[in-house]
Amino acid sequence: MASRSGSRKVIYAGLVGDLLVTLTKFGAAFFTGSSAMLSEGVHSLVDTGNGVLLLFGLHRARRPADAAHPFGYARELYFWSFIVALLVFALGAGASFYEGVRHILHPEPMSDPLVNYAVLGLSFLFEGWAWLVAFLEFRRSKGRYGYFTAFRRSKDAPVFTVLFVNTADLLGLVAAFLGIFTAHMFDMPVLDGVASICIALVLAATAISLALESKGLLIGEAAVPEVEAEILAVAEADHAVQKVNGVLTVHLGPQEILTALSVEFKDRLTAPGIEKCVDRIERRLQSRRPDITLLFVKPQTAVTWLKRRPAFETVADSQAGLWRT
């Protein structure tokens, strides 16, 4: 997945693009009285604030572990991503829907639609640049998987949040253009309000998708099956291990994985020998997977593990089905 520096780059690009677009859209809405343009301005203003929240989340997530939070604060990034999704829904979609309904009930003709067209063109350039930065970062991190599967697998909330929001921005610009064009062409100002409602629907769909994914990460998602298989392979390769019963993982952050291994050691091992074996496994894992930041190894027989295994298999099977979609 993408690194923290990649996430920060994506957020900064989105923030700059949104700020430029916000200023141009509000200026156009002020001079022309366009409902769709005003909705787009509110939308971009919300996006600008969302970028600030994501940067704040990245900053908070870097705090070291303490007595109150022994596993650190990395998951706070997922909390702020969830807040961003709520704001997109409540402020972005809500304001756009309200403005659209108001303009349908009380349509007002635009004074100078050419200004709107110019602003839409500039906005598309600004948003397109920010979208391209996020898209390239997401494509770099997705590997061999399709885009939808990669989104479901991704643990890097800032990258997919900015990508989704910027995609909604571009779709909103298209809707605003169609609304302004048809309202002007057919002399039907009500179509401008219809465009605002379409923008609200796009934002609502985006917000719900982001909220569901952020909620899963906030609750705690396991590492992808390939990572768990690599962990098992490293542990099983140690000469002091009789059998690795299983592994449990959870993402504390995009690059922070907590891992718990159930291991059956060879009978001849003493306590110091087990400690050395655990140390070897930990060093080998962290050399191959720096994102495994916490490792717990439980000496356990296969019989004991099997008593708890059915519940874990149910979760693992459901996740495996998700990865295959």
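Of note:
- Output for region 206-258, where each listed residue is polar (S, T, N, Q) and touching a Ser or Thr at 6+ places or on another chain (Cβ under 6 Å): 214, 245, 249
- Qualifying residue in region 102-123 (condition: under 30 Å from residue 79 (Cα atoms) and assigned by TED's automatic domain parsing to the domain that holds residue 184): yes
- For region 110-162, taking the residues that are hydroxyl-bearing (Ser, Thr, Tyr), part of a helix (DSSP H, G or I) and within 18 Å of the chain's Cα centre (by Cα), the one that is farthest from residue 48 (Cα to Cα) is identified as 149.
- Remark: pairs (first residue in region 268-286, within 10 Å of residue 297 (Cβ to Cβ); second residue surrounded by 13 or more Cβ atoms within 10 Å (Cβ to Cβ) and aliphatic (A, V, I, L, M); Cβ separation under 6 Å; 6+ apart in sequence or on different chains) = 277/240; 278/297; 281/235; 282/295.
- Annotation: residue 180 fulfils all but one of (1) hydrophobic (A, V, I, L, M, F, W, C); (2) outside any helix (DSSP H, G or I); (3) touching a Pro at 6+ places or on another chain (Cβ under 6 Å); the unmet one is (2).
- Screening 282, 264 for residues that are closer than 30 Å to residue 58 by Cα and of a type in the set (Asp, Glu) leaves exactly one candidate, 282.
- Residues that are part of a loop (DSSP other than H, G, I, E, B) and surrounded by 14 or more Cβ atoms within 10 Å (Cβ to Cβ) within region 204-226 comprise 221, 222, 223, 224, listed in sequence order.
- Selection count where residues are crowded, with 17+ Cβ neighbours inside 10 Å and assigned to a strand (DSSP E or B), scope region 232-248: 6
- Checking each residue in region 109-145 for being acidic (Asp, Glu) and either in contact with a His (Cβ under 8 Å, 6 or more places away or on another chain) or more than 13 Å from residue 16 (Cα to Cα) (or both) picks out 112, 137.
- When residues of region 37-57 are limited to those that are farther than 20 Å from residue 74 by Cβ and hydrophobic (A, V, I, L, M, F, W, C), the one surrounded by the fewest Cβ atoms within 10 Å (Cβ to Cβ): 45
- Residue satisfying condition, being assigned by TED's automatic domain parsing to the domain that holds residue 81, closer than 30 Å to residue 259 by Cβ and out of contact with any Asp or Glu (no Cβ under 6 Å at 6 or more places or on another chain), within set 181, 186, 151, 177: 151
Yes or no, residue by residue, for (1) farther than 28 Å from residue 150 by Cβ; (2) out of contact with any helix residue (DSSP H, G or I) (no Cβ under 8 Å at 6 or more places or on another chain):
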residue	(1), (2)
180	yes, no
193	yes, no
199	no, no
206	no, no
213	no, no
228	no, yes
239	yes, yes
243	yes, no
251	no, no
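- Checklist (1) within 20 Å of residue 81 (Cβ to Cβ); (2) surrounded by fewer than 17 Cβ atoms within 10 Å (Cβ to Cβ) applied to residue 155, failing item: (2)
The values are calculated or read from the model by the stated rules, or taken from the named source; none is laboratory data. Just so it is clear, the model here is predicted, and its values are computed rather than measured. Reconstructed Cβ throughout: ideal geometry from the backbone, glycine too, with neighbour counts over all protein chains shown.
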